[in-house]
Amino acid sequence: MASPVKIAVLGASGYSGIELLRLLLRHPHAELVAVTSRTLAGKPLSVEFPRFRGVGVADTLTFSNPDVAALKATGAEIAFLALPHGVSVEFAKPLLEAGLKVIDLSADFRLRSAALYKEFYMQEHPAPELLDEAVYALPEVRADDIKKARLIACPGCYPTSILLPLIPLFKAGLLAEDPLAVSSMSGASGAGRKESVPLLFCEVQNSVRSYSVPVHRHLSEVGQELEIAAGRAVKLTFVPHLMPTHSGICTTIFATPNPGITAEQVGAVLHAAYDAQPFVRLLGVNQSPDTKNVVGTNFVDIGWSYDSRAGRLILMSAEDNIGKGASGQAVQNMNLVCGFAPTAGLMNI
């Protein structure tokens, strides 16, 4: 039996980092050799997160400060970057130069254009020379490229829920050029693990509100990937909402189909794209996904419907924003890179 791949997780104290730890500590082919956090440096992993007591190496592993030379010395072969945008890029380049493969959960390498990055993230990209090399790593769409990559840019949570229903339809030419309308709701963990008055329990509980209207940063990568799939410009309006739950994303997409396109044809295209994909569950016509069925998993559930009165196609999806929308998808990408079964370490539901 082959030796397990040695893994380092940078930024292991945020929600995505904690979910990565949960998945990797139980992964049959992975060995955690380093976990970093500037705020938790020197603290034992299982003391800071008691849920991991007795699981794998959690009782012997200690948080450290992020240092590339020290990470290299651990024997790490793959580094997960669960860091904020603008911070991941500081570590990606030296880690690559040290010979590690990098799986980045931030937005730093999702966009192919440095100008687009500056437009949406309000800063110059520190390593534009790496943008052409980075693979936008939606496993169901770009598996062959991911397998060969050394710099993997994991998609955002909202984009995953939007792109998976739409990409096959654009590739098949089923959708008209009318602008799309997208409404999404996310649990509060999507904002990250930080002190913030708007995210306090008493501010979030019993309330739903929209935010980042009319421009959310994820519009940049959604537009980029839809234009690649469609082979033309794609216009869309995207309105995200915060809902009073810890996690989960529920997305509804309104699109105009080309004349004569039916719900059955939409279903046939989606089934052709995803029947062989273990983490995409197609619910069928007029079936609405529910976040309670995907939270804590790497699944995304998709339903669709045709509104004949309005002439609109309605696509619906649900996923866990820190699962399939972040850490679960990152581990799925690691499985591709390492040649493991796609479901390795991801089916404990």
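The values are calculated or read from the model by the stated rules, or taken from the named source; none is laboratory data. The shown structure was predicted, so the numbers you read here are calculated from the model rather than taken from an experiment. Neighbour counts are summed over all protein chains in view; Cβ atoms, including those assigned to glycine, are modelled from backbone coordinates with ideal geometry.
Residues in segment 264-286: is at least one surrounded by fewer than 18 Cβ atoms within 10 Å (Cβ to Cβ), modelled with pLDDT of 95 or more and at positive phi? Yes.
The set of residues in segment 199-223 that are within 15 Å of Lys235 (Cβ to Cβ) and of a type in the set (Val, Ile, Thr) comprises Val215, Val222. What tally of residues in segment 226-265 results from selecting those that are over 17 Å from Glu177 (Cβ atoms) and either in contact (Cβ under 8 Å) with a residue 40 or more places away in the chain or among the small types (Gly, Ala, Ser) (or both)? Total meeting the criteria: 18. Of all residues in segment 304-349, those satisfying the criterion of being buried (at least 22 other Cβ atoms within 10 Å of the Cβ) and more than 17 Å from the chain's Cα centre (by Cα) are Trp304, Leu313, Leu315.
When Glu177 is tested against the conditions (1) under 25 Å from Leu313 (Cα atoms); (2) free of Cβ contacts under 8 Å to residues at least 40 places away in the same chain; (3) part of a loop (DSSP other than H, G, I, E, B), the lone failure is (2). Residues in segment 100-158 that are among the hydroxyl-bearing types (Ser, Thr, Tyr) and part of a loop (DSSP other than H, G, I, E, B): 2 in all.
From the list Gly56, Gly99, Gly42, the lone residue that is surrounded by fewer than 20 Cβ atoms within 10 Å (Cβ to Cβ), farther than 18 Å from Ala326 by Cβ, touching a helix residue (DSSP H, G or I) at 6+ places or on another chain (Cβ under 6 Å) and without any contact (Cβ under 8 Å) to a residue 40 or more places away in the chain is Gly56.
Among the conditions (1) more than 21 Å from Ser13 (Cα to Cα); (2) modelled with pLDDT of 95 or more, Leu95 misses just one, which is (1). Determine if segment 119-138 includes at least one residue that is of a type in the set (Ser, Thr, Tyr), under 28 Å from Arg281 (Cα atoms) and touching a Gly at 6+ places or on another chain (Cβ under 8 Å). The answer is no; no qualifying residue exists. Being farther than 20 Å from Cys250 by Cβ and crowded, with 19+ Cβ neighbours inside 10 Å is a condition met by no residue of segment 189-207. Considering only residues in segment 64-90 that are in a strand (DSSP E or B) and modelled with pLDDT of 95 or more, the one that is farthest from Ala41 (Cα to Cα) turns out to be Ile78.
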